[in-house]
């Protein structure tokens, strides 16, 4: 698989749109990212999974999946080695990331909005004017 395959499969998912984030192609549903091609130069696509899903993908195919470095990876962001993935593997992984995002979007749409407080902005204190005569 390659970046073109990743793009084609991602965009075949219901409601998926391509955007750009920090100069890299991303794929969104409901305006939120579920996958990117941020590391395509290194041969990776990126999937936004849950940490539990990430662990399962890595356990099943460590030669294909690995966590993104740092905090993003700890949160479930996962590289997929495009050249090592079959079309079925890539399609399944993208569908999983898409489904995670759709479910999160649905949950956030159901949450009641909390009122935000408007803070009054007071003018900065004025320095007292000197009473000295010139």
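Every number in this text was worked out from the coordinates using simple rules, so none of it is lab data. The structure presented is a predicted model; accordingly, all values stated were derived computationally and were not measured. Cβ placement follows ideal geometry from the backbone for every residue including glycine, while neighbour counts extend to all protein chains displayed.
Below, the figures for the structure above:
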read-out: Which of 96, 78 has the fewest Cβ neighbours within 10 Å, and the rest in rising order; value: 96, 78
read-out: Scaled radius of gyration (Cα, divided by 2.2 N^0.38 Å) that segment 3-93 gives; value: 0.98
read-out: Cβ-based exposure ranking for 104, 110, in which fewest neighbours within 10 Å come first; value: 110, 104
